[in-house]
Structures are given as C-alpha cells and as structure tokens.
Amino acid sequence: MAGRAYLVTGGGTGIGAATALHLTALGASVTVIGRRAEPLEKVAAEVKRQGGNALAHTTDVRDPAAVEAAVDATMNHFGRIDGLVNNAAGNFVTPAEKLSPNGWRAVVDIVLNGTWNCTSAVARRLIDANHPGSIVSVIATYAWTGHPGTVHSAAAKAGVVAMTRTLAVEWARHNIRLNCIAPGPTETEGAGNALWATPEDRARVLASVPLNRFATAPEVGDLIALLLSDRAAYITGTTLTADGAQSLGPQIYGPPVNATNTAG
Ligand code: HXC
C-alpha cells in the first residue's frame, strides 16, 4: 500500500477511523471525510503522531459538489488517488410503518446516494488518469436476510450491493475493482448507540452471534485493507461477510450455540 492514497468516508469514528489508521500504518496516505471536523482532525493528528500522512476534510457525502472538492483536495495534497472506502452510514432502528418520508430519505441519501457520489467522483479521476483503483463499501448482511426495523438501511445497502456488482463488470476494463464488506455487529460508538443502546439489546445482539463476540473496528479495517490491496487483485464484484456466522440464521434445533444464547 506504500505510496498510495485513499479516501475514507465516515473516517472520523468507528470502522472508518480504524481503517484510516490501518491503511496509513501500511504506508498509504488517507483523506478522512465526514460531517464533523473535530473527530476527523483527531484521526488525522493520530495518524501523523504515528508517522503517517492524513488529511481531514469536512464533507457531507450527500452533497456531490462537496465530494468533488474532497477528491480534488486529495489529488492536490497527495498527487494521486488509488481508491475509496465507502464507510459513511446513517441508521436507526424503527418499525417500517412508523418511518417518516424524511427518515427514509436521510438514510437512503447517506448510504446509497452518498456511496454513488463518492464512487463516481473517485472513479472518474481514475478513468481519466488511466490509473487502476479499488473501492470497498461497507454494508450489512440485513441487505439480504430480511431484518425487521432496518428497511431504509437494508434497501440502501442492497442498492450498494447492486451498484458494486454492476460497476465491477462495467469498470473492469478500466482496472477498477469494487467489493463490499458486510461486518457483523462491530464494537463502535455509532453502531452501539443506533442498534444496541441498552444492556438488554446488547446481550440480545451478542446472543445472535455464534462466535459469541462483537467484531472490532481494527479487524474490519484490516479486511478492508486486504480487499483494497493487490492481494485481492482477482476479487471484484463480491461481498465479504465477516459476521461470526450471525447471518446464517437463528439456531432453532439443539442446544444454544454460545454461552449467552439462551433465547431459544
Ligand atoms: C425514528 C428518526 C430517528 C429515530 C432520526 N429520525 N432518528 N426516526 N427513530 N431514532 C428521523 C427524524 O425524525 C427525521 O425525520 C429524519 O429521520 C432525519 O433526521 P435528522 O436528524 O434531521 O437527519 P440527519 O441530521 O441527516 O441525520 C441522519 C441520521 C442520523 C441517519 C438520522 O442518525 C445520522 O446522521 N447518523 C449517522 C451515524 C450513524 O447512524 N451511524 C450508525 C451506523 S451503524 P422527520 O420526519 O422527523 O423530519 C450501521 C451498522 C449497521 O449502519 C450494521 C449492523 C450489523
């Protein structure tokens, strides 16, 4: 990864921040973008403290002009761009019949439109420069499992899967690879607040994971780096699921699969 430059959306916290730290530890430079300047500046400062290169750029992925400016800033600062991590997300669990038009729009705008805004802006630079590249989008297994309470996010993330598969075929001739990663429940503040805010919710989520633990942000960042890197040079248009077997379904027959799984 040495010498390469990547854009990481939602790079101020959680999986995005961990990915930025991991990529820069591997020798790449990273622009972290997000809506709030403070966490971005913190991540950039930490990268610099560890001897790496990072640029913080306040950007809402929903705004195509702002995304263009962030990609331009990356090109100006690092002289190149080699890829993108679409990590920014918005989420809250709600019964579908209670979801307002604006709630639907907010999540779809961040997850689906934001991913397109960033993907198209980065890919156009790569195609114009005849430069190979790699794009990884963070999704969730409920894009295909059918998970109550997540209709806005599931629909948006399923759209990201379709976008990834389509563009993997269409842009293969430009040597641009696109893949998704579907992490299971990952120990981050954002996901925790949105999806398992109470101790009871947390225990229930944990009980659904046969490996009996949450994923950590650094281990997800490591897998994202793998998919971006040339070690994955023949992998495109696919989704890597890293969820401790959570999405393989509830275990109905036999004893509970882990110590805390007593829900039957
Ligand atoms: C019902 C809600 C709501 C909630 C917001 N809304 N939160 N409705 N329940 N808990 C509604 C609002 O009432 C409003 O509709 C509309 O959504 C937009 O809300 P705003 O706050 O105005 O929007 P905005 O500031 O753009 O914020 C977007 C957001 C917010 C998605 C609502 O939560 C956000 O920015 N989150 C970013 C961080 C995040 O969510 N990270 C978690 C990702 S975890 P009305 O009709 O009232 O105007 C993740 C992992 C999943 O995705 C995978 C697990 C395995």
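Among residues other than residue 180 with Cβ under 13 Å from its Cβ, the summed charge is +2 (Lys and Arg +1, Asp and Glu -1). An ellipsoid equivalent to segment 145-254, defined through the eigenvalues of its Cα gyration tensor, has semi-axes of 29, 16, 14 Å when rounded to whole angstrom and sorted largest first. Between residue 194 and residue 147, the modelled labels are 1.1 nm apart [label points 7 Å from Cα along Cα→Cβ]. In plain terms, the C-alpha convex hull of segment 94-186 casts an average shadow of 6.3 nm² when viewed from every direction. Residues within the reach of a label modelled at residue 76 (point 7 angstrom out along Cα to beta-carbon, backbone nitrogen below 16 Å), restricted to segment 37-55, are 55. Using the Cβ-Cβ distance between residue 216 and residue 129 with R0 set to 30 Å, the FRET efficiency from 1/(1 + (r/R0)^6) comes to roughly 0.30. Binning the C-alpha pair distances of the chain at 5 Å intervals from 0 yields a P(r) profile of 1, 6, 13, 18, 20, 16, 12, 7, 4, 2, 1, 0 %, listed from the shortest bin outward.
Electrostatic tally near residue 13: other residues with Cβ closer than 11 Å to its Cβ, Lys and Arg +1, Asp and Glu -1, net +1. Sorting 229, 208 from the fewest to the most surrounding beta carbons within 10 angstrom yields 229, 208. If you run the Gaussian network model on the chain, springs between alpha carbon atoms under 10 Å, then out of 19, 58, 31 the most flexible one is 58.
For 152, 147, the sequence from fewest to most other C-beta atoms within 10 Å is 147, 152. Reducing segment 167-234 and segment 91-123 to their Cα centroids gives an inter-centroid distance of 18 Å.
Of 175, 76, 102, the residue with the greatest mean-square motion in the GNM of the chain, using alpha carbon springs below 10 Å, is 102. Taking each DSSP H run with n ≥ 4 as -39500 (n - 2.57) and averaging over every residue of the chain yields -13500 deg cm²/dmol at 222 nm. Rounded to the nearest 10 degrees, the angle from helix 114-128 to the longest Cα principal axis of the chain is 30 degrees. If the chain between residue 97 and residue 50 were fully stretched, how many nm would it gain, using 0.36 nm times the residue separation less the Cα-Cα distance? That works out to 12.2 nm of additional length. Taking the C-alpha atoms only, the angle from helix 14-25 to the longest principal axis of the chain is near 40 degrees.
Measuring nothing but how far apart in sequence close Cα pairs (under 8 Å, 6+ apart) lie, relative to its length, the chain scores a relative contact order of 18 percent.
Of the residues 6, 253, 142, the one with the fewest other Cβ atoms within 10 Å heads the list, and the complete ranking is 253, 142, 6. Per residue, the convex hull spanned by the Cα atoms of segment 1-151 amounts to 109 cubic angstrom. Distance between the modelled labels on residue 202 and residue 226, one decimal in nanometres: 2.8 nm (7 Å Cα→Cβ projection).
The relative contact order of segment 103-179 comes to 40 percent, based on Cα pairs under 8 Å that sit 6 or more residues apart.
Take every pair of alpha-carbon atoms less than 8 Å apart whose residues are at least six positions apart; their mean separation over the length of segment 121-264 yields a relative contact order of 29 percent. When the Gaussian network model of the chain links Cα atoms closer than 10 Å, the mean-square fluctuations of 127, 33, 15 top out at 127. Here segment 187-242 was treated as a single set of alpha-carbon atoms; its pair distances binned every 5 Å from 0 give 4, 15, 21, 20, 14, 12, 9, 4, 1 percent. Put simply, when 198-207, 233-242 are sorted by average Cβ atoms within 10 angstrom per residue, most first, you get 233-242, 198-207. The angle separating the long axis of helix 217-228 from the principal Cα axis of greatest extent in the chain is about 50 degrees.
Every number here is computed from the coordinates shown, using simple stated rules; none is lab data. The structure presented is a predicted model; accordingly, all values stated were derived computationally and were not measured. Reconstructed Cβ throughout: ideal geometry from the backbone, glycine too, with neighbour counts over all protein chains shown.
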